[in-house]
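Below is one structure, written out as structure tokens; the observations come after it.
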Amino acid sequence: MSALSIEIYKEFQQQFTSKPILIQSPGRVNLIGGHTDYNHGFVLPAAIDKRFALALAPNNENKIRLRAVDMDQVVFETDLVKPFKKSPVYWPNYIIGCVDQLFKAGYEISGFDCVFGSDIPIGAGLSSSAALEGGIIMGLSELFDLNLSKLEMVKLAQRAENDFVGVQCGIMDQFANIHGKKNQVIRLDCRSLEYSHYPFNQDDIRIILFDTKIRRELAASEYNNRRKQCEEGVRTIKKAYPEVHSLRDVTHEMIEENRKHMDSVIFNRCRYVIEENQRVLNACRNLEDGDLASFGQLMYESHKGLRDLFEVSCRELNLLVNEAEKLEGVLGARMMGGGFGGCTINLVRLDQTDEVKDVLVTQYESTFGFKPDIYTAKIGTGTKVVSITDEVPFE
Ligand code: GLA
């Protein structure tokens, strides 16, 4: 069991005295397939070795009592009574949102206490919110014998984010959080929800994340705005092709043919999504062939599309990717997650990791006056119940 889980377990016992269950719930990376999930396209994420640890126990009081050890030391308390209202303190909403969805889906739970902590950097594009939601849903399923399937957990967690928190995210983060496997990336078809795991060899390659440390307030509203623009593109194309339901059903020919009916911004958004879906499929082929050099090139192309056509990048992300592209030690790099800040994901040759870090940190600092944070991400298992006697630190 990890040091974080032990700390959380002890914190729980000090706070609430009862004996909790323990859950570990990871963040995710996405190698390629940016902003394709809510367009019913393809993505290639993986769960990572940064995660939440959550300790939960029933309290027989019809109350939810929560403590986020990284946020503050006070216990947040609310009655377990419908309708659930949004809390003015932000973080409990991820949890109340999950409880709300469980009730809406007809599951009965009673009061519970929860203490949690995390080593996932917040707002860095590593899906700390999906990790918290997935951890709570699995924890409550375990605590109250709900027997939720993995897919039900994913959907409930996504709906909590969409309906309660108010971010219209796709399904990728919650899916990767629950379905992650050690050393495997997940190719997910976000339309059919069919998925397959692909081995990702990290013997000679490291997945290194450079965190711009830029966090933009407008990121959530711009995200929702991109989603609307994609929907607008679909509405236009649907007039000529009624069988089209999402950008996944749209071809290059269709958008070219309808270009005159679309604003150029909408055209660019659609074009990016169509190209990105194809890149994910090509990248999977590269993985099967063990051709990480070609895979890396697709990551650079993905970044350029996100920067120029989808317009969700920023100068800090662009600098990190531009400089990475000049280095022989980096096979591929792109911005990751919603955009406007957060991290770039880089595939770096193991023997050149120090050099790559030095060059990128120097370039970044000399341009922006501060250093990026650096994380090495290992691909690991999805959300799971861990035993307090579990000796395995991470798998
Ligand atoms: C965020 C969302 C995901 C996905 C990515 C962009 O992480 O939560 O659903 O859309 O952005 O790929």
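The values are calculated or read from the model by the stated rules, or taken from the named source; none is laboratory data. Fair warning: this is a prediction, and the values are worked out from it, not measured in the lab. We place every Cβ from the backbone using ideal geometry, glycine too, and count neighbours over all the protein chains shown.
Check whether at least one residue in segment 123-142 is over 17 Å from Gly97 (Cα atoms), surrounded by fewer than 19 Cβ atoms within 10 Å (Cβ to Cβ) and in contact with a strand residue (DSSP E or B) (Cβ under 8 Å, 6 or more places away or on another chain), and report yes or no.
The answer is yes; a qualifying residue exists.
What pairs come out if I take residues in segment 356-385 that are closer than 16 Å to Ile214 by Cα and pair them with residues that are modelled with pLDDT of 95 or more and hydroxyl-bearing (Ser, Thr, Tyr) whose C-beta lies under 6 Å away, six or more apart or interchain?
Pro372/Thr212; Pro372/Tyr364
Would you confirm, using the coordinates I've provided, whether Gly296 is small (Gly, Ala, Ser), surrounded by 18 or more Cβ atoms within 10 Å (Cβ to Cβ) and within 22 Å of Ala219 (Cα to Cα)?
Working: small (Gly, Ala, Ser): yes; surrounded by 18 or more Cβ atoms within 10 Å (Cβ to Cβ): yes; within 22 Å of Ala219 (Cα to Cα): no.
Against the criterion (small (Gly, Ala, Ser), surrounded by 18 or more Cβ atoms within 10 Å (Cβ to Cβ) and within 22 Å of Ala219 (Cα to Cα)), Gly296 does not qualify.
Across segment 169-196, which residue is farthest from Gly382 (Cα to Cα) among those that are touching a helix residue (DSSP H, G or I) at 6+ places or on another chain (Cβ under 6 Å) and part of a loop (DSSP other than H, G, I, E, B)?
Arg191
Looking at segment 148-168, is at least one residue part of a loop (DSSP other than H, G, I, E, B), touching a Ser or Thr at 6+ places or on another chain (Cβ under 7 Å), more than 16 Å from the ligand (Cβ to nearest atom) and within 22 Å of Pro20 (Cα to Cα)?
Keep residues of segment 148-168 that are part of a loop (DSSP other than H, G, I, E, B), which gives 148-149, 166-168.
Going one step further and asking which of them are touching a Ser or Thr at 6+ places or on another chain (Cβ under 7 Å), we end up with 148.
Among the residues that remain, those that are also more than 16 Å from the ligand (Cβ to nearest atom) are: 148.
From what is left, the residues that are within 22 Å of Pro20 (Cα to Cα) are 148.
Yes, there is a match, as at least one residue in segment 148-168 is part of a loop (DSSP other than H, G, I, E, B), touching a Ser or Thr at 6+ places or on another chain (Cβ under 7 Å), more than 16 Å from the ligand (Cβ to nearest atom) and within 22 Å of Pro20 (Cα to Cα).
Out of the residues in segment 212-231 that are among the polar types (S, T, N, Q) and in a helix (DSSP H, G or I), state the one that is nearest to Asn277 (Cα to Cα). Reasoning before the result, please.
Step one: list which residues in segment 212-231 are among the polar types (S, T, N, Q), which gives 212, 221, 224-225, 229.
Right, trim to in a helix (DSSP H, G or I) and you get 221, 224-225, 229.
Working: Ser221: 24, Asn224: 20, Asn225: 20, Gln229: 17 Å.
Top of the filtered list is Gln229.
For segment 81-108: of the residues being part of a loop (DSSP other than H, G, I, E, B) and modelled with pLDDT of 95 or more, which is surrounded by the fewest Cβ atoms within 10 Å (Cβ to Cβ)? Don't jump to the end; show me each part of the working.
We begin by selecting, within segment 81-108, every residue part of a loop (DSSP other than H, G, I, E, B); these are 81-91, 105-108.
Cutting the leftovers down to modelled with pLDDT of 95 or more gives us 105-107.
Values: Ala105: 13, Gly106: 6, Tyr107: 18.
Per the stated criteria, the residue is Gly106.
List the helices (runs of 4 or more DSSP H) inside segment 263-366, counting only whole elements, that have at least 3 residues being within 16 Å of the ligand (Cβ to nearest atom) and not hydrophobic (A, V, I, L, M, F, W, C).
264-289, 292-308
Restricting to segment 6-45, what's the tally of residues that are in a helix (DSSP H, G or I), within 14 Å of the ligand (Cβ to nearest atom) and within 23 Å of Thr381 (Cα to Cα)? Can you show your working first?
In the first step, residues of segment 6-45 are kept if they are in a helix (DSSP H, G or I); the result is 6-16, 37-39.
Going one step further and asking which of them are within 14 Å of the ligand (Cβ to nearest atom), we end up with 37-39.
Filter once more, so that each one left must be within 23 Å of Thr381 (Cα to Cα): 37.
Total meeting the criteria: 1.
Tally time: how many residues in segment 40-61 are out of contact with any helix residue (DSSP H, G or I) (no Cβ under 7 Å at 6 or more places or on another chain) and either surrounded by 14 or more Cβ atoms within 10 Å (Cβ to Cβ) or farther than 28 Å from Leu4 by Cα (or both)? Write out each step before concluding.
Of segment 40-61, the ones out of contact with any helix residue (DSSP H, G or I) (no Cβ under 7 Å at 6 or more places or on another chain) are 48-50, 59-61.
Filter once more, keeping what is either surrounded by 14 or more Cβ atoms within 10 Å (Cβ to Cβ) or farther than 28 Å from Leu4 by Cα (or both): 48-50, 59, 61.
Number satisfying all stated conditions: 5.
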